[in-house]
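The block underneath contains the structure these notes are about, expressed in structure tokens.
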């Protein structure tokens, strides 16, 4: 199946389609997985396994992607009174994160669950600029497939890697910040199956419904935005990229 981003990396395109097809055939996907970070059976248990880790327990500030598969992760962060930064879908605002806290959400609704979806996050959270954000203690990213070496692929738009690049630019993510995901166990594949690119961010931990893995990554994380890999449509459609590019050129 084609997406609006098909063709940027044929190897990753093929792998995404194979993973989406497998999740449907094995009845693991919840809802339609194609062209999405897929939601899956056991997402709540994967979030439980993530929240049992010491790095999560010690975290005061969590960044999370807005996809349905990570609703249980965002709910955990709110229940445990952490500051939660949720990315605006596709980074369509210059203020491309929403800040959510338990205290502020409960001023507007009696149920934290109401703010755990991306729609609820936008409704009950506050759009903030990067300059207003605190250093992130744990960064959660959505994935279509992962390896125990720490490689990952998303749905193909490149938003996660751009997001991480901007967060690193503003020094909100450090070299030792845990980069984690929650996926179904079947979404862990052999190391050699995911092509590696210069702009890729690598996982330090993978939480599944069965356990939480520490990856054996020997791959170097990017240090900021890899401008060589920024696509023209990304530059045109993502306001913060346009702003940072102008500052860089000026």
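The values are calculated or read from the model by the stated rules, or taken from the named source; none is laboratory data. Quick caveat: nothing in here was measured; it's all calculated off a predicted structure. When we count neighbours, we look across all protein chains shown, and the Cβ atoms used for this are built from the backbone with ideal geometry, even at glycine.
Checking every residue in the stretch 200-214 against the condition of being surrounded by fewer than 15 Cβ atoms within 10 Å (Cβ to Cβ) and at pLDDT below 95 gives zero matches. Out of 181, 186, 147, which single residue is surrounded by fewer than 21 Cβ atoms within 10 Å (Cβ to Cβ) and either in contact with a strand residue (DSSP E or B) (Cβ under 8 Å, 6 or more places away or on another chain) or closer than 22 Å to residue 50 by Cα (or both)? Only one candidate qualifies: 186.
Return yes when residue 174 is at pLDDT 90 or above, out of contact with any helix residue (DSSP H, G or I) (no Cβ under 6 Å at 6 or more places or on another chain) and in a loop (DSSP other than H, G, I, E, B) and no when it is not. For residue 174, the condition - at pLDDT 90 or above, out of contact with any helix residue (DSSP H, G or I) (no Cβ under 6 Å at 6 or more places or on another chain) and in a loop (DSSP other than H, G, I, E, B) - is met.
If you go through the stretch 205-245, how many residues are under 18 Å from residue 143 (Cα atoms), touching a residue at least 12 places away in the same chain (Cβ under 8 Å) and either touching a strand residue (DSSP E or B) at 6+ places or on another chain (Cβ under 9 Å) or outside any loop (DSSP other than H, G, I, E, B) (or both)? Looking only at that region, the number is 9.
Every test in (1) in a helix (DSSP H, G or I); (2) under 21 Å from residue 36 (Cβ atoms); (3) in contact with a helix residue (DSSP H, G or I) (Cβ under 8 Å, 6 or more places away or on another chain) is passed by residue 164 save one, and that test is (3).
The sole residue among 76, 123, 107, 82 that is in contact with a strand residue (DSSP E or B) (Cβ under 7 Å, 6 or more places away or on another chain) and at pLDDT 95 or above is 82. Listed conditions (1) at pLDDT below 95; (2) outside any helix (DSSP H, G or I); (3) buried (at least 21 other Cβ atoms within 10 Å of the Cβ) are all met by residue 3, apart from (3). Taking the listed residues 23, 50, the one that is more than 19 Å from the chain's Cα centre (by Cα), touching a residue at least 12 places away in the same chain (Cβ under 8 Å), surrounded by 22 or more Cβ atoms within 10 Å (Cβ to Cβ) and closer than 18 Å to residue 184 by Cβ is 23, with no other qualifying. Residues that are modelled with pLDDT of 95 or more, in contact with a helix residue (DSSP H, G or I) (Cβ under 8 Å, 6 or more places away or on another chain), closer than 21 Å to residue 76 by Cβ and not in a helix (DSSP H, G or I) are absent from the stretch 13-27.
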